[in-house]
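Notes for the one structure printed next.
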Amino acid sequence: MPPRPASRFPLTPRACRNAMAALLATACTASVALAQTTETAASPEKKNWFDDPFLQIASGARGCPVPEGPLYTEAERREQIHSRLERGTTCWLAGQCADSNAYRYDKPLAPKVQAALATVPGARRSSVWAIIQRRWIYLQGCVPSEAVAHRLERAARAVPDVELVVPDLMVGTHGKPPYAVAASWQASKDKRPPHNKTNNE
């Protein structure tokens, strides 16, 4: 058997290492892309389909879990369309609203609610968000005490055209919040190293 001709471009040890590094980098990139694709498929995109007002009243409590806000998947949006039409006209049929759609009150209410809550004593030491849907105000976030939570609830209820206030507030910033948290906040929390917790109430 005739001898095998030598390669015109023999690989040096350094070239071999570079080739292996390139292959490893390509494999890692493909793995990350696959993981991101899988995560996206497992977690349907959420949007504020109905453009519900979602505003931050105060940001004085560091580390407060950030609420998800009025976000819905496409499937949840379809489920809500009929119920929103029904709930939106209930107030008008009962003679409690001048407008036949209670959701049309929400955007004009937003600046009034923000102004009323911003002046509440203790609000600056809190991190509070408000969702407004069909004249209902959902207060979410962290307050330094139950007294501040009650003051915020009373102030929101006193705004004209507000029908109901739902105070989903927690005292301090530790523990499980009584509301759904933003996916970005949860992801950043999961990446943080464990530490000794201290109460900041």
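The values are calculated or read from the model by the stated rules, or taken from the named source; none is laboratory data. Owing to the predicted nature of the structure, the values given are computational and were not obtained by experimental measurement. Note that we place each Cβ from the backbone using ideal geometry, even for glycine, and neighbour counts take in every protein chain shown. Keep in mind that these areas ignore ligands, DNA and RNA; they rest on the heavy atoms of the full protein, side chains included. Shrake-Rupley method; radii C 1.70, N 1.55, O 1.52, S 1.80 Å.
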The stretch 97-110: number of residues that are assigned to a loop (DSSP other than H, G, I, E, B), in contact with a Lys or Arg (Cβ under 9 Å, 6 or more places away or on another chain) and either under 24 Å from ALA155 (Cα atoms) or of a type in the set (Phe, Trp, Tyr) (or both): 1
Breaking point among (1) under 29 Å from GLU45 (Cα atoms); (2) of a type outside the set (D, E, K, R); (3) modelled with pLDDT under 95, for ASN199: (1)
For the stretch 111-152, which residues satisfy the criterion of being assigned to a strand (DSSP E or B) and open to solvent by 10 Å² or more (accessible area, probe 1.4 Å)? TRP129, ILE131, GLN133, TRP136, TYR138, GLN140
Of the residues in the stretch 153-165, those that are surrounded by 17 or more Cβ atoms within 10 Å (Cβ to Cβ) and either in a strand (DSSP E or B) or in contact (Cβ under 8 Å) with a residue 60 or more places away in the chain (or both) come to VAL165
How many residues does the stretch 115-169 contain that are polar (S, T, N, Q) and more than 16 Å from PRO70 (Cβ to Cβ)? 4
Residue in the stretch 52-59 that is modelled with pLDDT of 95 or more, among the acidic types (Asp, Glu) and in contact with an Asp or Glu (Cβ under 9 Å, 6 or more places away or on another chain) present: yes
Could you tell me whether GLY88 is part of a loop (DSSP other than H, G, I, E, B) and at pLDDT below 95? no
Enumerate the pairs (first residue in the stretch 169-194 and in a strand (DSSP E or B); second residue anywhere and at pLDDT below 80 and of a type outside the set (Ser, Thr, Tyr)) with beta-carbon separation below 8 Å, excluding pairs fewer than 6 apart on the same chain, so at least 6 apart or on different chains. VAL171/GLU201
Output the number of the condition that SER59 fails; it satisfies all remaining conditions of (1) under 20 Å from VAL165 (Cβ atoms); (2) touching a strand residue (DSSP E or B) at 6+ places or on another chain (Cβ under 9 Å); (3) among the polar types (S, T, N, Q). (1)
Only one of ARG87, ARG62, ARG78 that is open to solvent by 70 Å² or more (accessible area, probe 1.4 Å) and within 23 Å of VAL159 (Cβ to Cβ): ARG87
The lone exception for ASP51 - which of (1) within 25 Å of GLY141 (Cα to Cα); (2) outside any loop (DSSP other than H, G, I, E, B) it fails: (2)
Failed condition for SER184, given (1) in contact with a strand residue (DSSP E or B) (Cβ under 8 Å, 6 or more places away or on another chain); (2) open to solvent by 50 Å² or more (accessible area, probe 1.4 Å), with all others met? (1)
